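*Asks:* My questions all concern the structure below.
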Amino acid sequence: MRLFSLHFLCLSCSANSLLLPSVQSPPTFGLLFDIDGVLVRGHRVIPAALEAFGKLLNSQGQLRVPVVFVTNAGNILQQNKAQELSGLLGYKVDPDQVILSHSPLKLFLQYHNKRMLVSGQGPVVENARSYPFCSEWRGECGLGCQR
């Protein structure tokens, strides 16, 4: 027997019209939220998104279902993006709940501890160092690494 039925978030509906059951057992689904342009525009939270996100919280301020936040941006550290989202949403977002454009690099185990070239904007070196590729940096602006 399924406990959940699928409901689309109706931002113009009353709070009572969104029926999220009080969960007795762990949910069998989770949600991915695109950050840029869906939850946040620039450094401002979109009011309707904040209202919809609030409906996912129980009376203790905890999420009723697992939530992950995704973006194709990569010009920020994962923990900094989590901290920024926490401030905007009024909910403690864990860095592990944030997937940035470079997050899949964790999966490329065959390239860890190998030479690589890193380029981009923002905290490029810090982002690359957060993955186990290499620890010594050489080259102008730290854009290369060597074992």
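*Asks:* Tell me, what are the semi-axes, in whole angstrom and largest first, of the equivalent ellipsoid of region 31-101 as set by the roots of 5 times the Cα gyration tensor eigenvalues? All intermediate terms of the calculation are to be shown ahead of the outcome.
*Replies:* Working: eigenvalues 68, 36, 22 Å².
They are 18, 13, 11 Å, listed largest first.
*Asks:* I'd like the Karplus ³J(HN,Hα) series for region 80-97: coefficients 6.51, -1.76, 1.60, θ = phi - 60°, whole numbers in Hz, and an x wherever there's a Gly or Pro.
*Replies:* 6, 5, 4, 5, 4, 5, 4, x, 6, 8, x, 9, 6, 8, 7, x, 5, 8
*Asks:* Quick check: residue separation of residue 73 and residue 55 times 0.36 nm, minus the Cα distance between them. What number comes out in nm?
*Replies:* Numbers: separation 18, 0.36 × 18 = 6.48 nm, distance 2.63 nm.
Length gained between residue 73 and residue 55: 3.8 nm.
*Asks:* Here's a follow-up. Long-range amide H contacts for residue 31: which residues qualify at under 5 Å (H placed 1.01 Å from N, peptide plane, sequence gap of 5 or more or a different chain)?
*Replies:* 67, 68
*Asks:* For residue 114, which lysines qualify as cross-link partners when the Cα separation must be under 26 Å and same-chain residues fewer than eight apart are set aside?
*Replies:* Residue 114 reaches 106.
*Asks:* A further question on this structure: I'd like the carbon and sulfur percentage of the solvent accessible area for region 31-101, probe radius 1.4 Å, heavy atoms only, ligands and nucleic acids excluded. Provide the component values of the computation, followed by the final result.
*Replies:* On the way: 2000 of 3780 Å².
Ligands and nucleic acids excluded, carbon and sulfur give 53 percent.
*Asks:* Same structure again: Accessible area per residue, 1.4 Å probe, Å², for region 31-101: what's the number?
*Replies:* 53
*Asks:* Please list, ordered by chain and number, the residues whose modelled amide H lies under 5 Å from the amide H of residue 99; skip anything fewer than 5 residues away on the same chain.
*Replies:* Close amide H contacts, sequence-distant or interchain: 69, 70, 71.
The values are calculated or read from the model by the stated rules, or taken from the named source; none is laboratory data. These numbers come from a predicted model, not from an experiment. Heavy atoms of the whole protein, side chains included, go into the accessibility calculation; ligands, DNA and RNA do not. Shrake-Rupley method; radii C 1.70, N 1.55, O 1.52, S 1.80 Å.
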